[in-house]
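Below you'll find the structure, written out as structure tokens, and then a few comments.
Derivation of every value follows stated rules applied to the coordinates shown; laboratory data play no part. A quick note: this is a predicted structure, and the numbers were derived from the prediction, not measured. Because the Cβ atoms are built from the backbone with ideal geometry, glycine has one as well, and the counts that use them run over all protein chains shown.
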Amino acid sequence: MPEPSPMSGSHRTTLVGGSLVAVGSALGLADALSPAVLPPALAPFLVLAPFLVLAGLVVLVAGLGGERGLARASAGASCALLVAASPRVVADLLLWSGGARVGDGATGVGLALVAAPLVALAAGVVGAAIVVRRRLLGAWASRALVATVACQVLVAGLTRVPVLELQLALLDARVHALVPATSLLFGLTLLLQGRARDVRRVVDRWRDSTSVTGPASSTRPRGRGTAS
């Protein structure tokens, strides 16, 4: 039997944190795939995607209601994951506040915005490595986190290839949607961490409610000695 992770007892923390990550990632995925076909009422909420993901990681790191957060298990992994999710949030805040403008590439702010994604990639790799090595999360959540970081590195590498035709092909293929897709998977695995029995119970109830012959327990074949 696998050893429980340090977060296995923090059910509210993983539920709320995973839900925020999943909702933010779903918005990011919708924005990456087909923002033009989204309902107009949903469009303003797309800008909240990176903020929701970061908020979910903050909840995971800090813990809720006295539950153990990831920071108690590993301060290094916690800081790395928060840094990995921060660049988009910082860039949006700077743009909204007027602190960053087009043509600022030679300024300190512009250079910071250019360097931030690279720092975030490195932090993501370090954070995922610590989580996996020390088994800080459940097996599926750890795998989803590794997949998310791997897609971030892959997309960052491909989009920086100095071939215009390749970049246009990648844009048409929507390769950048891999990151929010795997991040959505990470949020869902966090949300379901430690709830396998609850999920199985719900599935069994649904199966029984939709079964024509009734609950599974009532459909067992009778023994040979039972009278017909």
Taking amide H positions as placed in the peptide plane 1.01 Å from N, state which residues far from residue 63 in sequence (5 or more) or on other chains have amide H under 5 Å from it.
70
Potential extension, residue 115-residue 139 segment - 0.36 nm per residue separation minus Cα distance:
5.5 nm
I'd like the FRET efficiency for residue 156 and residue 95, computed as 1/(1 + (r/R0)^6) with the beta carbon distance as r and R0 of 30 Å, rounded to 0.05.
0.90
